[in-house]
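Notes follow the structure.
We did not get these values from a lab; they are worked out from the coordinates using the rules stated. None of the values given here were measured: they were computed from a predicted structure. Heads up, the Cβs are rebuilt from the backbone with ideal geometry, glycines too, and the neighbour counts pull from every protein chain shown.
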Amino acid sequence: MKKGYPTHHVQDLQCIRDLVYVNANKYGDKPLYIHLEKGQKVTFTYNDNKRYFDALGTAFSELGLMKSTVAVVGDQHPDWMTAYLTTITAGGVIVPLDKELSCEQMVNFIKQTECKVVFIAEKIFLHIEEYLPELTSVEYFIIIGPEPDRQKIAIDKRVMVFDDVIALGTRALSKGAKEFLSYRRNPARLCAILFTSGTTGTSKGVMLTEENLIGAVMSCCKMMDIKDTDTFVSVLPIHHTFAMTCNHLAMCNVGGTTFMNDSVKHALRNFADFKPTTLIVVPLYVETICKKIWDGIRKKGKEKQVRALIKVSNGLRKVGIDRRREFFAEILNSLGGNIKQIVCGGAPLDPQYIKDFDDFGITIAEGYGITECAPLISVNPFNWRKLGSVGLPAIGMEVKIDAPKQSDDGEILARGKNVFIGYYKNEEATAEAFTEDGWFRTGDIGHMDDDNFIYITGRKKNVIIASNGKNVYPEELEEHLLKNEKISEVVVIGRQTDGNTVITAVIYPNFDIYAGKNTEDILEDLKKDINDLNKTLPVYKQIRDVELRGTEFEKTTTRKIKRFLVK
């Protein structure tokens, strides 16, 4: 692969308004989104995006909502995106909320940020009905998504329907209203509050500016050579900053088309139906797809044939002949037939999956980000990748390692346009997040090689202090354990027993493999495997106890295990 940062041309942006206007002028009636409503495909074009944007912004002006704090919560839908883009451009602050939050959490975040408007899907609005009297700061609940049952939602005088708000703005535009059209916000001011997913048990409100968002979008577009001919299926939760920046905003800036996935369980079906060229996902999707591919191969009794063909294919590639799309057409067709690249981030990815997909003709570029960096910190460009690394610092970002003298590993520090301005109403946490000279402390542990590629070895907050005082990063052990097909999920923790730290693997087994086995047999078998693993590890890293669980670990909507719940 050619070494060096990508050099392809990227359309420059200064603000969210540019993203909407420039691309509407350039791509017009080309589909921006395709989504399902009542089982039917609906197209939302780049021109529609501008039209709804202007109408909603003008409605904000008519209703006295310019510069307001606005929450948005619901399924993937163009209305959701219009609310997000318009709020920022109208000088407001957008608060994207996870639709899987409990009613109490959702209401608490709305109250905490004193939202004046809540864009909300019908089913979620009806779900929080009993909490509506508590939300005294809210002036309007605007129902987004498919046309709602107007009788059902008429339970509060503050309710409006999104299409009615758009109609209001459209009428005002026709009469010459111009406040929104002429308004220009300060891009360095707060524009979004994102509550972290809380895998450690504590959600904090990350404050981002428009400069942060645009910086991250430009970083993504410059690092990833994606074009207006590329198509996507959006499967990640729309409220999450990885999905927002690297799929929705970056994709819009290159003129791509995205199918909004209607359900996690329908993802593979939608890949086959919509035929994307590019996916932006977290590791769980890569792992699930890969396992299903191999399961399908084994069920057909073709594993030996496929592995032999991979060897032949890789041999041909060494002499410049690439026949992968021909040799593995059946596998590629199960994903739509057009897929050529995957951007993966959000959690560590076993390099074996990258190798497997590469064998079939799909390039995976692993990246690294954190909500506080909107979220992009680094990524492996498609033209230069290193297995096991999360890539080069993104263009516009600087990264260094705050390493102790006796080790190359240290906390990863970052600074640049993408880095947030602080935590909402939490000055103490904000101060702790930065070094004295202004570098953001990511909380992740790692090192960099001579080419500037970043390698993550653990999470500072998850570190286990062994009885001898040495640091053990559970992610490293979990990566080893997950290579065992008998283990579906695992969390490694440090149990305190008689004053000693006992490294313990809490395992959710692959019960398909253990069909008919009782708990004692499963535990005994896994302990044997772990004893074999321990022989390859330093003594202080060895796993000394194993616990089984009968259900999957509880996860965030981005499919990260909530470690703090593992007691």
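Listed by chain and number, the lysines whose alpha-carbon sits under 18 Å from that of residue 304, ignoring those within fewer than 8 places in the same chain, are 291, 292, 355.
Specify the angular offset, from 0 to 90 degrees and rounded to the nearest 10, of the alpha carbon long axis of helix 351-360 from the longest principal axis of the alpha carbons in the chain. In the chain, helix 351-360 runs at an angle near 80 degrees to the longest axis. For the stretch 496-550, state which trypsin sites (Lys or Arg not before Pro) are in a DSSP loop and have at most 12 other beta carbons lying within 10 Å of their beta carbon. Qualifying residues, ordered by number: 535. Taking the number of Cβ atoms within 10 Å of each Cβ as an exposure proxy, the fewest-first ranking of 563, 189 is 189, 563. The length gained on full extension between residue 548 and residue 486, counted as 0.36 nm times the residue separation minus their Cα-Cα distance, comes to 21.1 nm.
Arrange 170, 87 by Cβ neighbour counts within 10 Å, fewest through most, would you? All intermediate terms of the calculation are to be shown ahead of the outcome.
On the way: 170 16, 87 30.
In increasing order of surrounding Cβ atoms, one gets 170, 87.
Using the eigenvalues of the Cα gyration tensor, what equivalent ellipsoid semi-axes result for the stretch 130-180 when each is taken as the square root of five times the eigenvalue, whole Å, largest first?
The answer is 25, 15, 8 Å, longest axis first.
For residue 14 and residue 317, the FRET efficiency from 1/(1 + (r/R0)^6), where r spans their Cβ atoms and R0 equals 51 Å, is about 0.75. In the chain, the DSSP-assigned H stretches of four residues or longer account for a calculated mean residue ellipticity at 222 nm of -9500 deg cm²/dmol, using -39500 (n - 2.57) per stretch and the full residue count as denominator. Remark: the residue 174-residue 398 segment gains 75.9 nm on full extension, using 0.36 nm per residue and subtracting the alpha carbon distance.
Nearest 5 percent is fine: what portion of the DSSP beta bridges confined to the chain is antiparallel?
Approximately 55 percent, going by the DSSP bridge assignments.
Compute the distance from the alpha-carbon center of the stretch 353-421 to that of the stretch 69-132, in whole Å. The two parts, judged by their Cα centres, are 31 Å apart.
Per the Kirkwood definition applied to all pairs of different Cα atoms, how many angstroms is the hydrodynamic radius of the stretch 154-216?
Over the stretch 154-216, the inverse of the mean reciprocal pair distance is 15.5 Å.
With 0.36 nm allotted per residue and the present C-alpha distance subtracted, the residue 269-residue 429 stretch has 53.3 nm of extension available.
For GluC sites (Glu not before Pro), the sites in the stretch 63-143 that DSSP calls loop and that have at most 16 other Cβ atoms within 10 Å are 100, 114, 139. Kirkwood's formula applied to the C-alpha pairs of the stretch 278-331 gives a hydrodynamic radius of 12.6 angstrom. Taken about its Cα centre, the stretch 2-89 carries a charge dipole of roughly 400 debye when the Cβ of each Lys and Arg holds +1 and the Cβ of each Asp and Glu holds -1. Per q in 0.09, 0.10 1/Å, what log10 I(q)/I(0) does a Debye calculation on the alpha-carbon atoms of the chain return? Each listed q maps to, in turn, -0.73, -0.91. Here the Debye sum runs over all C-alpha atoms of the stretch 44-129 as equal scatterers in vacuum, and log10 of I(q)/I(0) at q = 0.13, 0.17, 0.21, 0.22 Å⁻¹ comes out as -0.41, -0.69, -0.99, -1.06.
Computed from Cα positions, the angle between helix 103-112 and the longest principal axis of the chain comes to roughly 60 degrees. If you model the stretch 463-565 as an ellipsoid using its alpha carbon gyration tensor, with each semi-axis the square root of five times an eigenvalue, the axes come out at 22, 17, 12 Å, biggest first. Mind checking which aspartates and glutamates have their C-alpha under 14 Å from residue 400, skipping anything on the same chain fewer than 8 residues away? Counting by Cα, and skipping residues close in sequence, residue 400 has these aspartates and glutamates nearby: 408, 409, 411, 437, 444, 449, 450, 451.
The 3J(HN,Hα) values that the Karplus relation (6.51, -1.76, 1.60; θ = phi - 60°) gives for the stretch 361-372 are, in residue order, x, 10, 8, 9, 10, 8, x, 9, x, 8, 3, 5 Hz. Gly and Pro appear as x. Structure shown: which of 486/560; 3/340; 299/541; 2/461 lie over 29 Å apart, alpha-carbon to alpha-carbon? Going by Cα-Cα distance, 299/541; 2/461 fall outside the 29 Å limit. Among 137, 203, the order by Cβ neighbours within 10 angstrom, fewest to most, reads 137, 203. Between the Cα long axis of helix 283-299 and the first principal axis of the chain there is an angle of about 60°, rounded to the nearest 10.
P(r) tail, the stretch 1-60: Cα-Cα pairs separated by more than 14 Å, 66% of all pairs.
Each eigenvalue of the Cα gyration tensor of the stretch 222-375, multiplied by 5 and square-rooted, gives one semi-axis; in descending order these are 27, 17, 15 Å.
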